Amino acid sequence: MITQNASEMAAAVASGEVTSEALTQAHLSRIAEVDVKVHAFLHIDTEGALAQARAVDAARAKGEKLSPLAGVPLALKDVMVQKGVPTTCGSKILEGWRPPYDATVVSKLKNAGVVILGKTNMDEFAMGSSTENSAYGPTHNPWDLTRIPGGSGGGSSASLAAFEAPLALGTATGGSIRQPAAVTGTVGVKPTYGGVSRYGLVAFSSSLDQAGPCARTVLDAALLHEIIGGHDTYDSTSIDAPVPAVVAAAKMRDVKGMRIGVVRELGGEGYQAGVLQRFNESVEVLRGLGAEIIEVSCPHFEYALPAYYLIAPSECSSNLARFDAMRFGLRVGDDRARSAEEVMNLTREAGFGPEVKRRIILGTYALSSGYYDAYYGSAQKVRTLIINDFNAAFAQVDVLISPTSPTTAFKIGEKADDPLAMYLNDIATIPVNLAGNCAMSIPCGLAPEDGLPVGLQIIAPAMADDRLYRVGGALEAAFNEEWGGPLMNKAPSLTGGVR
Amino acid sequence: MISRDDVAHLAQLARIELEASEIDHLAGQLEVILGAVARVQEIAGADVAPTSHPLPLKNVFRPDVIRPSLTPEEALSGAPASEEQRFRVPQILGEE
C-alpha cells in the first residue's frame with residue numbers, strides 16, 4: 001500500500017477500497033520501522049494524523065465530495081508552522097515551541113483533507129545543502145544510509161524515498177527542494193516566487209524563500225501544487241492570479257515542438273561524469289520525443305552563487321533578529337540581574353548553530369556601512385544581470401534544462417567544515433531563486449560510477465509553472481518505459497525484506 | 001581583510017556572545033568566503049540597476065475591519081515568561 005503513488009492512494013480512499021485511517025496507520029508503522037535508520041522526522045503527530053484521517057473517512061461515509069488528495073498522508077518540513085505541533089526549524093532556539101496558528105499552506109492542506117504525519121528534519125533555519133546543520137542530528141539518504149539526503153529539506157526528500165510518506169512539502173531559498181529531490185530520486189518543485197503563500201513559513205531570506213511540493217511522481221507533485229498554490233491576503237508578496245494548470249500539464253505527456261534550451265554554463269567542469277552522462281542521455285530522450293533542443297548561454301550565471309551568498313546572509317541577518325529571547329523560544333541567563341541585551345546575546349550564542357552564526361555575521365558585514373555598496377549593492381546588480389540572462393534565454397526557448405546538482409549524494413561529514421565546498425551544491429539551482437521564476441527536479445537515472453540517483457532540472461519563466469509539469473511528465477513517462485518502472489523501485493527496502 | 005576584532009565587533013552588532021575559539025574559527029572562514037563572493041564586483045557596473053526583489057513590490061491594503069486574531073493566552077503561549085497578559089522581559093534600561 002505504501003509504495004503506491006499519492007494519486008493511486010487518493011483513488012483507493014475515494015472508492016472505499018481502503019480507509020484513510022488504515023492508509024495513515026500503514027505509514028505510521030513504516031515510520032516506526034525505518035525512521036530509526038533514516039531520521040527523516042523531528043516530530044510524529046500520531047494522534048493528530050489519525051484524527052485527520054478519520055475525519056476524511058467520515059466525510060466520505062456521508063457522501064461528501066472529496067478533494068483530489070483527500071486522505072493521503074504528507075510530511076511537513078519543520079520550517080512551516082502548524083498549530084499546537086512543535087516547530088523547531090532544526091534549531092535549539094525553537095525547541096519545544098508550539099505555534100499558536102497554522103501557516104496558510106497548512107490550512108489549505110487541512111481543508112483538502114491531506115493528512116499531516118509530522119514535521120521533517122532540515123538544516124537549521126534552512127541553511128545548508130545536506131541536513132547536517134540540523135541541531136537534532138543528520139538525516140540519512142535511504143539509497144545509502146552513510147550519505148546525505150540533500151538539504152535543507154533532507155527530511156522531506158528522505159521521507160519520500162523511504163516510503164514513509166507519499167507527499168511532502170519543502171521550501172527553497174537556493175535549492176532546498178530541488179537538490180534533495182535530485183539526490184534521493186524524487187520530484188521537487190520550486191514554484192514561481194509569490195505562487196505559494198509564505199504566511200507561516202519561518203523566514204530565512206524573504207526575497208528568495210518559496211514553499212513547494214515534493215513527491216515521487218510528477219502528477220502527485222502537480223496535485224499538491226494545485227492545493228497549496230494561489231493568492232493569500234496574509235502574504236503581501238503573494239501573486240493575485242490563478243494557479244497555472246499544472247495537473248493538466250502533468251497529464252499531457254507531449255513535448256512535440258517545444259523549444260528546450262540547454263544552458264551551456266550549467267555543466268562541464270565541476271560536474272560528476274555520471275551526472276553529465278545521464279543528463280546528456282535525457283537531452284536525447286527529449287529530442288526523440290519531438291522537442292527542439294537549442295543550446296543557450298547565460299553568461300552571468302557564474303556570478304549567481306557569490307551573489308546568493310551575499311543576499312541570503314544579508315536578509316537572514318535581519319530576519320533572524322526576531323529570535324531575541326523575549327516573546328517565544330529559548331531564553332538563557334535570565335537571572336533578574338542581567339539586562340535584556342545580555343540575555344539576548346547569551347541566548348543567540350546558545351541557541352544558534354555554527355552555520356547560522358556564520359551567515360548572520362557574514363550578512364551583518366555585507367550590510368555594514370562602508371561595505372554595503374561593494375557587497376550587498378553589487379550582489380543586487382548581479383541579480384538584475386541574471387534576470388536579463390533568463391529573459392534573453394526565454395525569448396529563444398520555452399524551458400531550460402540542466403543537471404540539478406553537480407554531484408550525487410556525498411558522504412555525511414565529507415564537507416561539514418568546508419562552507420565553500422558545501423555552497424557549490426546549489427550552483428545550478430540558485431539562479432532561479434534570484435530571478436523568482438520556477439523550476440523542477442526529476443530523477444533521470446542512476447550514476448554509473450556509484451549507483452546513486454541523478455536529478456534533471458527544468459526551468460520555466462515566472463507563472464509558467466505548467467511548462468515544468470508538461471516536460472517533467474513527458475520525460476518521466478519515457479524514463480519509466482525505458483527502465484521498466486519508476487526509478488524508486490530500485491531503492492533499498494531498508495528492512496532487508498519486501499517493502 | 002577581516003580581522004579577529006572585526007568579527008568580535010560584528011558579533012556584538014548581531015547580538016551573539018561568541019566564544020573566543022568561535023571568533024578565531026569564523027575570522028578564517030569569513031576571509032575565505034568574502035574572497036569568493038567579492039567576485040560580484042567584477043560585473044556590477046554603474047550602468048546596472050540593482051534588484052532587491054523578484055516582484056515589483058507595492059503596498060497592499062485591506063479594508064480596516066476587525067477580524068479574528070490570537071487571544072492573549074495564545075499570543076503568550078510561547079513566551080519564556082509572562083505576567084498580567086504581558087511578555088515579561090529582563091531589564092532594558094539601567095537602574096539610574
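Rule-based calculations on the coordinates, nothing more; no lab input. What you see is a predicted model; the values in this text were computed from it and never measured. Backbone-built Cβ (ideal geometry, glycine too); neighbour counts: all protein chains shown.
Table for the structure above
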{"read-out": "Nitroxide proxy distance, nm - points 7 Å out along Cα→Cβ at A:Ala245 and B:Ile66", "value": "4.5 nm"}
{"read-out": "Among A:Leu66, A:His140, A:Ala250 the positive-end extreme of the charge dipole of chain A (Cβ point charges)", "value": "A:Leu66"}
{"read-out": "R0 of 41 Å, Cβ-Cβ distance A:Glu449-A:Met252: FRET efficiency to nearest 0.05", "value": "0.75"}
{"read-out": "Helix-only CD estimate at 222 nm, as mean residue ellipticity for chain A, using -39500 (n - 2.57) per DSSP H run (n ≥ 4)", "value": "-12000 deg cm²/dmol"}
{"read-out": "Sorted by Cβ density within 10 Å, fewest first, the residues B:Leu93, A:Leu487, A:Leu76", "value": "B:Leu93, A:Leu487, A:Leu76"}
{"read-out": "Per-residue Cβ neighbour rank within 10 angstrom, fewest leading, A:Val296, A:Val454", "value": "A:Val296, A:Val454"}
{"read-out": "FRET efficiency, A:Leu424 to A:Ala374 (Cβ-Cβ, R0 30 Å, nearest 0.05)", "value": "0.85"}
{"read-out": "Relative contact order (percent, whole number), chain B, Cα cutoff 8 Å, 6+ residue spacing", "value": "15 percent"}
{"read-out": "Tilt relative to chain B, helix B:20-37 - C-alpha long axis, 0 to 90 degrees, to 10", "value": "60 degrees"}
{"read-out": "Where labels lie 7 Å past Cα in the beta-carbon direction, separation of A:Val36 and B:Ala20 in nm", "value": "4.5 nm"}
{"read-out": "Alpha carbon centroid spacing (whole Å) that separates the range B:1-36 from the range A:428-499", "value": "39 Å"}
{"read-out": "Inter-chain shielding of A:413-423 (mean C-beta neighbours from other protein chains, 10 Å cut-off)", "value": "2"}
{"read-out": "Test item: Cα-centred dipole of the range A:148-254, Lys/Arg +1 and Asp/Glu -1 on Cβ, debye", "value": "280 debye"}
{"read-out": "FRET efficiency estimate (nearest 0.05) - Cβ-Cβ, A:Asn280 to B:Asp47, R0 30 angstrom", "value": "0.20"}
{"read-out": "Cα-based reach from A:Lys357 at 16 Å (exclusive), listing lysines while leaving out same-chain residues under 8 positions away", "value": "A:Lys92"}
